[in-house]
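Just below is one structure, and these are the notes that go with it.
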Amino acid sequence: MINASVALVRHSWRSLRRTPAFMITASLTLVMGLGAAIAIFAVVNGVILRPLPYGDPERLVGAWHDLPPVGLLHTQQTAATYFTYRKFARSIEDIGVYQDGAVNVSEPGGAAEPQRLESVQMSRSVLELLQVPPAIGRNFSEAEDLPKGPDVLIIGHALWRNRFGADRRIIGKTLEVNGRTREIIGVMPPGFHFPSSDTQLWLPLALDPADPFGGGFNYNAIARLKPGMSLGAAQRDLAAVLPRILDVSPNMVPGVSTQMMLDQAKPQPVLVPLKQDVIGDIAGTLWMVAAAAGLVLLVACFNVANLILVRADSRQRELAVREALGASRFRVMTHLLAESALLALIAGTLGVGLAWTAVRTLVAGTANSERVSIPRLAEVHIDSSTLLFTLGLVVLVTVACSVMPALRIGRVALATTLREGGRGGTAGRAQQRIRGALVAVQIALSLMVLAGSGLLLRTFQRLHEVRLGFDPAHVATFWLSPPQLQYRSDSMLVQFFSRLGARVEALPGVQSVGFSSRLPLETYGINQNPFYAEDDESAATKIPKLQIFTTIDAGYLRTMGIPLLAGRTFEPMDRQRDGEAIISRQTAITFWNDSTGRAALGKRFRGLPSGPWSTIIGVVGDARDTALTAPPSHTVYFPEVTAADSLFGQNRRTMALVVRTSGDPEAITAAVQRVVRDLDPTLPTFDVRPMSRVVSASMAKLSFTILILGAAAVVTLFLGAVGLYGVLAYMVTLRTRELGVRLALGAQPQAIALMLARQGVALTGVGIAGGLLLFALVARFLRSFLYGVAPNDPLTLVAASLLLLFIAALASWIPARRASRVDPANTLRAE
């Protein structure tokens, strides 16, 4: 049996080697399809299908709240809800809370350059819930998890390897974190990524269970369900115990009771499988990309099947002779299947190599901040499941490419085949119809991918036409976070920012400078709060609409190009006054139905029913603050002031420095960083980039999808054109005698060429019609990716169809022109 199989493989290899052009063309076609499919499967498997790398991950859930009256979904935990669920809930084994962010890191004595590293403050229960202990050292102790506990931290494996040379005596050494010396008590294992692969430091959150104030909804949470407990039952349990929050913390903050929060915000506990939380909304994008890769593979299979059909037709006499000499139909079919399997195996092997390169490139490319952020991408690799998937694809491709040629074996009488084979083996109309159908399917699939990428391109165009409300051109951005240990008071903080702004503004080429606690279209630093207007009577019984609030200096609005509609801006930072505020046009409309801003000037509001009043001194234009596809934000701007820190203070330590230049904003980067180092050598700058790249990064997911679908469209168009060209070229070869006779009887060469070109265009028209029908069925899945364009946009569909017709006409004209040059004399002489 083994010897027979080896002999079959050898014979198939020799047969393929006799037609190198066919073997190379078919193999490369399949490599494109298989490589794309394998690479995308590796990503989908690593991100979506593979279980989370934690202990018993199916019982892990994300714990959230919905606040319907405020319009907030999936908001976080308060300290009080965390302690309430931990104490009273019976459906969960435990719950943990955490806050992700970033910290300044340096070594005592300045042994290394300061860095800005991603970090997480978490309760000690988080690692226990994940069931992933440190590889070296230990978890936080109960004492370290309380306020004023020992200053400790756990570091990531990459930081341990890169900064400390994988020193196993790392326990007990120290790092300066935001100016505070912390002792290293543990190192996490290399595969640990929580909450993201960028996190390198874990610090105690240190919540106080005796704090009388529960605080706001500020903490992410995970919980572990008890064995056998369903998601719905656990959610009902949390809802039942939530009112007992009054026993834990009667007040959220001074002046706001917990009962008021329950009555007005009406929080509803929501539990989500942790994998769903981790993956987020990237799953839809990845499945779309996977569908595009599947279409590319289908087109490649149809193309190769057409090539095999052509090759089988040219071998009809050879196969007939074999049957005449006693070979069974099964044996001949087995030989064809073996050739297809060998082709698919070669292509699969090369495809794995191509996929490995693509995956490595994609994973390495995430270091570029402009790329789309794909969760769990650090876990993506070519593993055994990917190789099994490849093996399954090879089998499917073998069947798909050879089933039709194999089924045609023995359909034509031997005598007819041998007689016609001696004269060239002219194929019948049935064979031509099969090949034409395969090409039409390729055209239909090509149209689907082309139309999808066209709609996304139209969306990209519409997003570029959106009025931002600010001017990102010639603006450089730098983030800084002066630590509290060195800058203990607001006055010290304001003095540092004032000196920095003055020094930067004096640099050559700088037109203006500003500071802000957040930047438009960035999620970092975003804060929302309800604001109570003094003349809004409804605020006594319901929570007002949330406003984004940002802390800025006097130069920010001018530097960003946000227009002042009414009133004035703040004074310079060292003279800014507490109790003043600037609002956006949307906020003025919401509170005072005032689109000009003039009626809002002098009005007052406050952030809490018992908080201090802020007086509106200016109204500015609206900005696309959260996303290009979202409506303009309701925004309130507060000044960074010299005032005592308090519960109601709006000052921020982490601020963005924005610099408007007269030239290339990147040219000023080194000079600004030198100024920062001169003022504070321990303070790193981070997320340094032009504002134009911030805008581009907000469209990263769309750009990624367009890139993948565009590549798929190019490949399918190319394969469809090659398939159409191949069919028409072979038809010309088969009809050489007929065409010679027509020319001999007086037919014009141009008429012959036009006749054959019409056949190619007609075949394309059938494919386009089928493609439009298929696209109508799947277009609704694109709706969530589109902006300003409908899934059935006529312009896009017509443009895609015309492009296909043009390519088809070009692919048809080349063999048709060659047919018009047939020499009738030579043809009739051969006849």
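The values are calculated or read from the model by the stated rules, or taken from the named source; none is laboratory data. These figures come from a predicted structure and were not determined experimentally. All Cβ positions, glycine included, derive from the backbone under ideal geometry; neighbour counts span all protein chains shown. Surface accessibility is based on the protein's heavy atoms, side chains included, excluding ligands, DNA and RNA. Shrake-Rupley method; radii C 1.70, N 1.55, O 1.52, S 1.80 Å.
Is it true that Asn527 is open to solvent by 60 Å² or more (accessible area, probe 1.4 Å) and without any contact (Cβ under 8 Å) to a residue 40 or more places away in the chain?
The answer is no for Asn527.
When Ala588, Ala599, Ala581 are screened for being closer than 28 Å to Val70 by Cβ, free of Cβ contacts under 8 Å to residues at least 60 places away in the same chain and touching an Asp or Glu at 6+ places or on another chain (Cβ under 9 Å), only Ala588 passes.
For the condition under 30 Å from Gly767 (Cβ atoms) and touching a Leu at 6+ places or on another chain (Cβ under 7 Å), what is the one hit in Leu480, Leu500, Leu450?
The unique qualifying residue is Leu450.
Tyr487 fulfils the conditions (1) part of a helix (DSSP H, G or I); (2) farther than 23 Å from Thr669 by Cα; (3) at pLDDT 85 or above; (4) open to solvent by less than 30 Å² (accessible area, probe 1.4 Å) except for a single criterion, (1). The set of residues in segment 75-97 being within 27 Å of the chain's Cα centre (by Cα) and surrounded by fewer than 23 Cβ atoms within 10 Å (Cβ to Cβ) consists of Thr75, Gln76.
Among the residues of segment 551-578, those identified as touching a residue at least 60 places away in the same chain (Cβ under 8 Å) and hydroxyl-bearing (Ser, Thr, Tyr) are Thr551, Tyr556, Thr559. When Gly621, Gly611, Gly561 are checked against the criterion of being out of contact with any Gly (no Cβ under 6 Å at 6 or more places or on another chain), under 27 Å from Val475 (Cα atoms), of a type outside the set (Phe, Trp, Tyr) and buried (at least 17 other Cβ atoms within 10 Å of the Cβ), a single residue qualifies: Gly561.
Looking only at residues in segment 28-65 that are open to solvent by 30 Å² or more (accessible area, probe 1.4 Å) and over 25 Å from the mean Cα position of the chain (by Cα), the one that is farthest from Leu127 (Cα to Cα) is Leu28. For Ser446, the requirement of being at pLDDT below 90 and open to solvent by less than 10 Å² (accessible area, probe 1.4 Å) is met. Does at least one position in segment 593-607 carry a residue that is farther than 30 Å from Gly788 by Cα, among the β-branched types (Val, Ile, Thr) and surrounded by fewer than 17 Cβ atoms within 10 Å (Cβ to Cβ)? Within segment 593-607, not a single residue is farther than 30 Å from Gly788 by Cα, among the β-branched types (Val, Ile, Thr) and surrounded by fewer than 17 Cβ atoms within 10 Å (Cβ to Cβ). Restricting the search to helices (runs of 4 or more DSSP H) fully inside segment 203-297 and requiring at least 1 residues that are open to solvent by less than 30 Å² (accessible area, probe 1.4 Å), farther than 30 Å from Val44 by Cα and in contact with a Phe, Trp or Tyr (Cβ under 7 Å, 6 or more places away or on another chain) gives 231-241.
Candidates Ala476, Ala502, Ala444: the one that is in contact (Cβ under 8 Å) with a residue 24 or more places away in the chain and in contact with a strand residue (DSSP E or B) (Cβ under 9 Å, 6 or more places away or on another chain) is Ala476.
State yes or no: is Val439 in contact with a helix residue (DSSP H, G or I) (Cβ under 9 Å, 6 or more places away or on another chain), outside any loop (DSSP other than H, G, I, E, B) and modelled with pLDDT under 85? So Val439 fits the description; yes. Looking only at residues in segment 154-204 that are touching an Asp or Glu at 6+ places or on another chain (Cβ under 8 Å) and among the acidic types (Asp, Glu), the one that is farthest from Pro133 (Cα to Cα) is Glu176. Taking Arg653, is it open to solvent by 30 Å² or more (accessible area, probe 1.4 Å) and over 31 Å from the mean Cα position of the chain (by Cα)? Taking the combined requirement at face value, the residue does not satisfy it. Within segment 752-768, the set of residues being touching a residue at least 60 places away in the same chain (Cβ under 8 Å) and either outside any helix (DSSP H, G or I) or open to solvent by 60 Å² or more (accessible area, probe 1.4 Å) (or both) comprises Leu754, Val766.
Residues being outside any loop (DSSP other than H, G, I, E, B) and either among the β-branched types (Val, Ile, Thr) or at positive phi (or both): count how many of those fall in segment 474-484.
Going through segment 474-484 one residue at a time, the tally reaches 2.
Within segment 663-710, being closer than 30 Å to Phe41 by Cβ and in a loop (DSSP other than H, G, I, E, B) holds for Ser698, Met699.
For segment 369-383, give me the residue count where each residue is more than 13 Å from the chain's Cα centre (by Cα) and either crowded, with 17+ Cβ neighbours inside 10 Å or modelled with pLDDT under 80 (or both).
Number satisfying all stated conditions: 3.
Only a single criterion out of (1) buried (at least 20 other Cβ atoms within 10 Å of the Cβ); (2) closer than 22 Å to Tyr532 by Cα; (3) basic (Lys, Arg) is not satisfied by Arg577, namely (1).
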